[in-house]
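To keep things clear, I will list the structure first and then write my remarks on it.
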Amino acid sequence: MRSAVTISLVAEASGGPFVFWHDLEAGCVQAAELGFEAVEVFPRSASEVDVNLLRSCLDRHNLKLAAIGTGAGWVVRKLRLTDHDETVRKQARHFISEIIDVAGQFGAPAIIGSMQGRAEGTFSHEQHLVWLAEALDELAPRAANHGTTLLIEPLNRYETNLIRTTADGVKLISSLKAKNVKLLSDLFHMNIEEVDIAAAFREAGSHVGHVHFADSNRQAIGFGHTNVPPIMEALRSIGYEGYLSAEVLPLPDSFAAAKQTIESFRRGTEI
Ligand SMILES: [Mn+2]
C-alpha cells in the first residue's frame, strides 16, 4: 500500500477535511519532507489546475499524483450528476470529464463523491441511480483512454442517500458496462455506514480502488477511535495495493495531521 495526503486549492471548501491548503507547492514540500509517496489534489476546476506547476512540483519532490477530486463542481458550481435539470447533469459530466483529462495525464483517477448528488423531489430513487450509472458509463471510457480508473465514493447518510455503503457501491459498479470504475472507500464514511468495516472490505475485494484514510472523527488516523489493525488486515487479505490517502481535518494543524498520518501509515503497513 502507498501513502498519500490531500491538498485543497478550493477557498470555498474552507473548513473541509483536507490536510494542506491553498498552495500546491508548499503542500508538496511538506508531503515530501514527511515521506509521503503521493498527493491527492482538490482543485476548483480542471482549467484552474496549473498542469506545468503540478508536474514540476511532483518531479522536484519525487511525488506521484494519487487522484484528483471533482467535489468543487458541487461546492462551487452546484453541479450534480443526478440533478433534475438535464442541462445541469450535462454540465456536471463535462466538469468531471475535464478533470479526468487532467488527472489522466498523470496516470491518476478522478474521484466522484459529492457530484453523485442525492435522490429528492418528484423523481424516484431508482431514476437518480439510472442517471448516475449513465454518467459513469459515459465518463469511464474517457478515463480508460488514459489507462486510468474512475472512482465512485460512497458517502455517509448526512451527505447522500444514493451510494452510501460499500454494498451500494459494488452493486452500482457491477451494473455498469464500463470495467474501469472502482470504489473509493472512505474510512470516515464507513465508520458511520458499515456494520463491520473490515468485513465490508473483504466483500468488496478487487472493487476497492482507493482508500481515504481518516479516523472516526475525520481527524488523522490515531486521533479518533477507529480500530485500525483489523482494517489493515482486511486490506492485505484482498491484496489491496493502492493508496491510503489522508482526507482529514488539519487538526491540530496541517503539519501535525500529516505527521500523525504518516506515522499511522507506517505502523499499519509494517507486517
Ligand atoms: Mn472521502
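Worth a mention:
- Expressed in Å, the radius of gyration and Dmax of the Cα atoms of the chain are 17.2, 52.
- Mean residue ellipticity (222 nm) of the chain, computed from DSSP H runs ≥ 4 via -39,500 (n - 2.57), nearest 500: -13000 deg cm²/dmol
- Kirkwood-type hydrodynamic radius, the range 34-121: 13.6 Å, calculated from all non-identical alpha-carbon pairs.
- 3J(HN,Hα) along the range 228-235: 6, x, x, 5, 5, 4, 5, 4 Hz, from the Karplus curve 6.51 cos²θ - 1.76 cosθ + 1.60 with θ = phi - 60°, whole Hz, x for Gly and Pro.
- Taking Lys and Arg as +1 and Asp and Glu as -1, the other residues whose beta-carbon sits under 11 Å from that of residue 69 total -2.
- About its Cα centre, the dipole of the chain is roughly 320 debye, where the only charges are +1 on Lys and Arg Cβ and -1 on Asp and Glu Cβ.
- Theoretical gain in end-to-end length, residue 267 to residue 171 [0.36 nm per residue, Cα-Cα removed]: 31.3 nm
- Amide hydrogen neighbours beyond the local backbone of residue 64, cut-off 5 Å, H modeled: 38, 39
- A straight Cα-to-Cα reach below 20 Å connects residue 177 with the lysines 90, residues fewer than 8 places away in its own chain not being considered.
- Ordering of 16-27, 109-120 by burial proxy (mean other Cβ atoms within 10 Å per residue, highest first): 109-120, 16-27
- 13 Å beta-carbon shell around residue 203, net charge (K/R +1, D/E -1): -1
- Contact order normalised by residue count of the chain, Cα under 8 Å, 6+ apart, percent: 19 percent
- Dipole magnitude (debye, nearest 20) for the range 116-183, charges at Cβ of Lys, Arg, Asp, Glu: 220 debye
- Each eigenvalue of the Cα gyration tensor of the range 161-271, multiplied by 5 and square-rooted, gives one semi-axis; in descending order these are 24, 15, 13 Å.
Any read-out appearing in this document is the output of simple, stated calculations on the displayed coordinates, not a laboratory observation. Quantities reported herein were computed from a predicted structural model and do not represent experimental measurements. Neighbour counts run over all protein chains shown; Cβ positions are idealised from the backbone, glycine included.
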